[in-house]
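Laboratory data are not the source of any read-out in this text; all were calculated from the coordinates shown. Keep in mind the model is a prediction, meaning the values are calculated, not measured. Reconstructed Cβ throughout: ideal geometry from the backbone, glycine too, with neighbour counts over all protein chains shown.
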Amino acid sequence: MLLDAVVRTSAAVAASPGRLAKIAEIAGLLRQVPATEMPIAVAFLSGELTQRQIGVGYAAISDLLGGYGEADQPAASTPAKTPTLSLADTDLAFTEIGAQAGPGSQGQRRQLLADLLSRATQAERDFLVRLIAGDLRQGALAGVMTEAIAKAAEVPVADVRRAYQLTGSLADAAAAALGHPPADSFPAARQVSAEASGGQSQALRGVGMHVGRPIRPMLAASAPGVAAPCWGRCWASPWAPSGWASSSSSRARPRRRRDTTASALSGSSPGS
């Protein structure tokens, strides 16, 4: 897919005052994105790079575009008239820029960035500059992206939120929702997606926790009162891993912890 399609969608999202209109614009694009470019499209529309950081700051961008006018810096040429950059090409260029290290790496990064900008149209340049600087400002944060992914895949938004929380990645959640789970992530979702026809929602429910992969924080719901019991509801919730739900006879109950410190100071045993 051409980068221009994402740029035009981003402009339409920024111009849409309503949340539902933003969701519809993004969902319409996501339905057309190839599986291999889904992580890139989701990251770009979220105002992020797939590499997180590539070692290029606003000063380097300003030099390339003539903001500071340093004579020894490579300058970006005239913008292209016809869009030719694809999402994969753009992401590959960012990867190459971020891989530069050692003496002279700063100049190499600026040269590679100048080469990338020389292949972009003016609209694409504006988008890339704001993307690199972390200043996309299109009014589509994680909440809007989550609902757009759910709308594009026609699955419950709660399933997408759960996958996003457990993977920590909107790109991975989108891949599972749209039937393209990554090869190195959540095997249960990948198996369900391969075996079930139209089972995007099942694939999302197959997403689980991985050792060593952090999960996103979740806001706790309010209890009706201080003394209201919540153990049964917590363990029986769909967020708990399979096999953890307990019956009424074996529900987890809070236990009073013995104050061993106080016992040691008084000279008595913990059980006395």
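Key figures for this structure:
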{"item": "Sites LYS81 and ALA59 - FRET efficiency at Förster radius 30 Å, r taken between beta-carbons, to 0.05", "result": "0.60"}
{"item": "Around ALA140: net Lys/Arg minus Asp/Glu count, Cβ-Cβ under 15 Å", "result": "+2"}
{"item": "The range 23-179: relative contact order in percent, alpha carbon pairs under 8 Å with at least 6 residues between", "result": "33"}
{"item": "Residues SER105, SER86, SER10, sorted so that the one with the fewest Cβ neighbours within 10 Å comes first", "result": "SER105, SER86, SER10"}
{"item": "Fully extended contour minus Cα-Cα distance, from ALA123 to THR95, at 0.36 nm per residue", "result": "7.9 nm"}
{"item": "Summed side-chain charge close to GLU25 - residues other than GLU25 whose Cβ falls under 14 Å, Lys, Arg +1, Asp, Glu -1", "result": "+4"}
{"item": "Sequence of TYR58, TYR164 once ranked by neighbouring C-beta atoms within 10 Å, starting from the fewest", "result": "TYR58, TYR164"}
{"item": "Nonlocal amide H pairs with SER86, under 5 Å, H built at 1.01 Å", "result": "LEU3"}
{"item": "Total formal charge among the other residues, if their Cβ is under 15 angstrom from that of LEU85, Lys/Arg +1 and Asp/Glu -1", "result": "-4"}
{"item": "In the range 113-185, the trypsin sites (Lys or Arg not before Pro) that fall in loop regions by DSSP, at most 10 other Cβ within 10 Å", "result": "ARG137"}
{"item": "Kirkwood hydrodynamic radius of the range 48-165, Cα pairs, Å", "result": "16.0"}
{"item": "Residue exposure sequence - MET38, MET1, MET145, MET209 - by fewest surrounding Cβ within 10 Å", "result": "MET209, MET1, MET38, MET145"}
{"item": "Net dipole in debye of the range 3-132 [+1 Lys, Arg Cβ; -1 Asp, Glu Cβ; about Cα centre; nearest 20]", "result": "380"}
